[in-house]
Amino acid sequence: MRGHAERLNGLGTTIFAEMSALAVATGSVNLGQGFPDTDGPDSLLEDAIAAIRAGANQYPPGRGIAPLRQAIVDHQKRFYDLSYDPDTQVLVTTGATEAIAAALLAFVEPGDEVIALEPYYDSYAAGIAFAGGRRIPITLRAPSYRLDLDELRAAITPRTKVLLINTPHNPTGTVLTDLELRGIRDLAVEHDLVVITDEVYEHLVYDDHRHIPLATYDGMAGRTVSIGSAGKTFSVTGWKIGWVTGSPDVVTAVTTAKQFLTYVSGSPFQPAVANALALGNDYFDGIRATLQSRRDLLANGLSDLGFEVHRPAGTYFITTDIRPLGHTDGIDFCRLLPERTGVVAIPTQVFYDNKEAGRPLVRWAFCKQEALLQEALTRLQKL
Ligand SMILES: *Cc1c(COP(=O)(O)O)cnc(C)c1O
């Protein structure tokens, strides 16, 4: 048999597979993969069970069930004062991951350049490769991880088609500021670019930071593919219910690609997520407060252990610099860590093209129960 397609080159298996296997083999506390160890609200779980019993087990409509599309519209209105038509401007997807892949397939021609903020969420590189695009990184540099708008401007060429933005940003925890978002808007409008914006951590923003969707800026409505997901907001990362909002043309294009990836999914989860999106502010404030205090517990603990901690403004993750502990390479450090201490973390370097920028950085997930975070910190004292 002849070999696999070139587009798979460099994709390999994800770092999460390697590190989660190490975690199991060594009995480690796994702060590698970003999934919560507490399931979402009881009402959400019960609604999905009830939906299965009530017969929501066959193909739902291609764009998602009407109550969920309406709930997404209501959510965008309630939190951001954005208005959408549920019939033409909303698409339910198999998680944000499928939305990202479908959006890239919908807008990227072979050879087009896609500018993305690195370190990247790991599916971006694959999605760009599957679409035949060329990945152009803009590096968010520690310790501030701010977006350099001059660098972004300089990266735009006549082949640039898409800006792939992620805010709040995994893994750096950066939440793009109004100034940065305006800068992105200005460049997108000037160069007539499509902007795909992954906002799955929209509700997980701490202190006095604020998430502002790119779609709220003048000039963005017709060129923005906005992507959300229930996974992170409601602690159900295995449910894979995501969504796209945008202009009717944008949503139709993404739907055209999506319908031949999975067609549809998650029948019993869709009504449950529809109800969850309408939960009161106490739910959304509560998840934010819980995660903020877990961030502080882990950030303070890692700092006490001698790491240089880059305290995140949002997401599930803290990044640290390991050099104060006498280490220089995150991959070497993370491969030894489970054996030496019984804790698993992820080397941020694997999410960069520009490896040097990420070499001494390690990512820790804090979306775990406090007792587990405490246990990890106790184990790390062996360092
Ligand atoms: C978790 C995550 C996703 C995936 O979301 P799903 O809804 O589970 O597919 C997408 N983007 C970022 C940045 C993430 O961290």
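The numbers here are math on the coordinates, done by the rules we state, and not lab data. Given the structure is predicted, the values throughout are model-derived calculations rather than measurements. Because the Cβ atoms are built from the backbone with ideal geometry, glycine has one as well, and the counts that use them run over all protein chains shown.
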Please work out the C-alpha center-to-center distance from the range 158-206 to the range 277-295 and express it in whole Å. 24
Taking Cα centroids, how far is the range 67-96 from the range 342-376 in Å? 33
Gain in length, residue 355 to residue 49, computed as 0.36 nm per residue apart minus the alpha-carbon separation, to one decimal in nm? 105.7 nm
Mind ranking 298-305, 4-11 by how tightly packed they are, going by the mean number of other C-beta atoms within 10 angstrom, highest first? 298-305, 4-11
So, with points 7 Å from each Cα along the Cβ direction, the residue 182-residue 80 label distance in nm works out to 1.9
Pick from 268, 312, 110: which residue has the top mean-square fluctuation in a GNM of the chain where Cα pairs under 10 Å get a spring? 110
Are there trypsin sites (Lys or Arg not before Pro) in the range 340-383 that DSSP puts in a loop and that have at most 13 other Cβ atoms within 10 Å, and which ones? 382
Please report the equivalent ellipsoid semi-axes of the range 168-325, computed as sqrt(5 x eigenvalue) of the Cα gyration tensor, largest first, in whole Å. 30, 22, 15
Output ordering of 79-90, 239-250 (per-residue mean of other Cβ within 10 Å, highest first) is 239-250, 79-90
What is the Cα radius of gyration of the range 58-279 over 2.2 N^0.38 Å, N being its residue count? 0.95
Could you sort out which of 240/355; 232/258; 77/368; 77/232 sit more than 28 Å apart by Cα distance in this structure? 240/355; 77/368
Say we join alpha carbon atoms closer than 10 Å with springs in a Gaussian network model of the chain; which of 95, 12, 219 then has the biggest fluctuation? 12
Which order do the peptides 314-323, 206-215 take when ranked by the mean count of other beta-carbon atoms within 10 Å per residue, highest first? 314-323, 206-215
Give me the percent relative contact order of the range 164-263, please, defined on Cα pairs under 8 angstrom at least 6 residues apart. 23
Work out, in µm²/s and without decimals, the Stokes-Einstein translational diffusion coefficient of the range 153-205 at 25 °C, 0.890 mPa s, Rh from Kirkwood over C-alpha pairs. 206
Inverse of <1/r> over all distinct C-alpha pairs of the chain, i.e. the Kirkwood Rh in Å, gives 21.3
Using only the alpha carbons of the range 174-263, determine the length spanned along each of the three principal axes and report them from longest to shortest in whole angstroms. 36, 35, 15
Which of these, 269, 260, 130, has the largest mean-square fluctuation under a Gaussian network model of the chain (Cα springs below 10 Å)? 260
Would you mind giving the three semi-axes, in whole Å and largest first, of the ellipsoid equivalent to the range 1-48 according to its Cα gyration tensor? 33, 20, 9
Geometric extent, Cα atoms of the range 51-186 - Rg, Dmax (angstrom): 17.5, 55
Can you list which of the DSSP-assigned H helices in the chain have a Cα extent of 20 Å or more along the long axis and an average Kyte-Doolittle score of at least -1.0? 66-80, 281-304
Length gained when the stretch residue 88-residue 17 is fully extended (0.36 nm per residue, less Cα-Cα span): 21.8 nm
